[in-house]
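> Once you've had a glance at the structure underneath, I'll fire off some questions.
FYI, it's all coordinate maths here, none of it is from the lab. Keep in mind that this is a model prediction, so the values were computed, not measured. In this analysis, Cβ positions are derived from the backbone assuming ideal geometry, glycine residues included, and neighbour counts consider all displayed protein chains.
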Amino acid sequence: MLSMHTARRTVALINVLCAAGEEAAVLKAVREVLVEYGELEPLGIRGDDLADLRAAALSLREVFAAVDVDSAAVTLNGLLGDVRGRLRLTSHDGSGGWHPHLDSDDEAPWGEWFLASSVLALTVLLWDRQAPPGGLCSSPSCPHVYLAHGSGPERRYCSRRCATRERVAAHRRARAEAVR
Ligand SMILES: [Zn+2]
């Protein structure tokens, strides 16, 4: 499902944009995500775009911070109110497959494009699943967001790495308690 592809890209971009780091390093990470998810070079993305991209990432992070489907829907409705375009399909003059846009222009600035395409994908995901699109990593030392599994046990961590680290820490705490 292409909306899932976009939602995964949203998560990857939020996670690089909300990380602390120097501008050049963050920009490089953003470029890598965009290329990994199929954006074609030259991207034409610059340091000037970072402020808008970061603002969009922080707004989108609120959707992942929502505690249940109702509050995720309210948050998404607020963001849908910020989106400046009308819903339409574009193929960028035949250079890509047909896909929906919600930004003010098919070639809108990166920050606007990121917010609009992400809000659209997360809206479709919430609609499909009748559940929040994802959550915040439960590791206290990790700022990442994650996409919820479509089915199966509920997810709590952004990655296997975080899950393992927290399991080991819990184990250590339990052992320390037992010794006491
Ligand atoms: Zn994590």
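> Among the residues in the stretch 161-171, are any more than 16 Å from the ligand (Cβ to nearest atom), surrounded by fewer than 17 Cβ atoms within 10 Å (Cβ to Cβ), free of Cβ contacts under 8 Å to residues at least 40 places away in the same chain and farther than 20 Å from ALA7 by Cβ? Full working, then the answer.
Our first condition is that a residue be more than 16 Å from the ligand (Cβ to nearest atom); within the stretch 161-171, this holds for 171.
Pick out the ones that are also surrounded by fewer than 17 Cβ atoms within 10 Å (Cβ to Cβ) and you get 171.
From what's left, free of Cβ contacts under 8 Å to residues at least 40 places away in the same chain: 171.
Filter again for farther than 20 Å from ALA7 by Cβ, leaving 171.
There is at least one residue in the stretch 161-171 that is more than 16 Å from the ligand (Cβ to nearest atom), surrounded by fewer than 17 Cβ atoms within 10 Å (Cβ to Cβ), free of Cβ contacts under 8 Å to residues at least 40 places away in the same chain and farther than 20 Å from ALA7 by Cβ.
> Out of all the residues in the stretch 19-40, which are exposed (fewer than 13 other Cβ atoms within 10 Å of the Cβ) and in contact with a Lys or Arg (Cβ under 9 Å, 6 or more places away or on another chain)?
GLU36, GLY38, listed by residue number.
> Identify, by number, the condition in (1) surrounded by 10 or more Cβ atoms within 10 Å (Cβ to Cβ); (2) among the aliphatic types (A, V, I, L, M); (3) assigned to a helix (DSSP H, G or I); (4) more than 10 Å from the ligand (Cβ to nearest atom) that ALA176 doesn't meet.
Going through (1) surrounded by 10 or more Cβ atoms within 10 Å (Cβ to Cβ); (2) among the aliphatic types (A, V, I, L, M); (3) assigned to a helix (DSSP H, G or I); (4) more than 10 Å from the ligand (Cβ to nearest atom) one by one, ALA176 breaks only (1).
> Just one of the numbered conditions (1) charged (D, E, K, R); (2) touching a strand residue (DSSP E or B) at 6+ places or on another chain (Cβ under 8 Å); (3) away from the ligand (no atom under 16 Å from the Cβ) is not true of ARG155; which one?
(3)
> Checking LEU87 against (1) surrounded by 13 or more Cβ atoms within 10 Å (Cβ to Cβ); (2) in contact with a Leu (Cβ under 6 Å, 6 or more places away or on another chain), only one condition comes out false. Which one?
The single condition LEU87 does not satisfy is (1).
> Answer yes if at least one residue in the stretch 109-125 is without any contact (Cβ under 8 Å) to a residue 40 or more places away in the chain and of a type in the set (S, T, N, Q), and no otherwise. Walk me through how you get there before you give the answer.
In the first step, residues of the stretch 109-125 are kept if they are without any contact (Cβ under 8 Å) to a residue 40 or more places away in the chain; the result is 113, 116.
Now narrow it down to the ones that are of a type in the set (S, T, N, Q): none.
There is no residue in the stretch 109-125 that is without any contact (Cβ under 8 Å) to a residue 40 or more places away in the chain and of a type in the set (S, T, N, Q).
> Additional query: From the list GLU41, GLU32, pick out the single residue that is free of Cβ contacts under 8 Å to residues at least 40 places away in the same chain and outside any helix (DSSP H, G or I). Give the steps one after another, and end with the answer.
Values: GLU32 fails: outside any helix (DSSP H, G or I).
Unique residue meeting the criteria: GLU41.
> State all residues of the stretch 103-149 that are away from the ligand (no atom under 16 Å from the Cβ), part of a loop (DSSP other than H, G, I, E, B), touching a helix residue (DSSP H, G or I) at 6+ places or on another chain (Cβ under 8 Å) and not aliphatic (A, V, I, L, M); if no residue qualifies, say none.
Step one: list which residues in the stretch 103-149 are away from the ligand (no atom under 16 Å from the Cβ), which gives 103-133.
The next check asks that each one be part of a loop (DSSP other than H, G, I, E, B); those that pass are 103-109, 130-133.
Filter once more, so that each one left must be touching a helix residue (DSSP H, G or I) at 6+ places or on another chain (Cβ under 8 Å): 103-104, 108-109, 130-133.
Result: ASP103, SER104, PRO109, GLN130, PRO132, PRO133.
> Considering each residue of the stretch 68-84, count those that are part of a helix (DSSP H, G or I), of a type in the set (D, E, K, R) and within 21 Å of SER117 (Cβ to Cβ), and give that number.
Start the filter on the stretch 68-84 by keeping residues that are part of a helix (DSSP H, G or I), which leaves 69-82.
Subsequent filtering for residues that are of a type in the set (D, E, K, R) retains 70, 82.
Among the residues that remain, those that are also within 21 Å of SER117 (Cβ to Cβ) are: 82.
Result for the stretch 68-84: 1.
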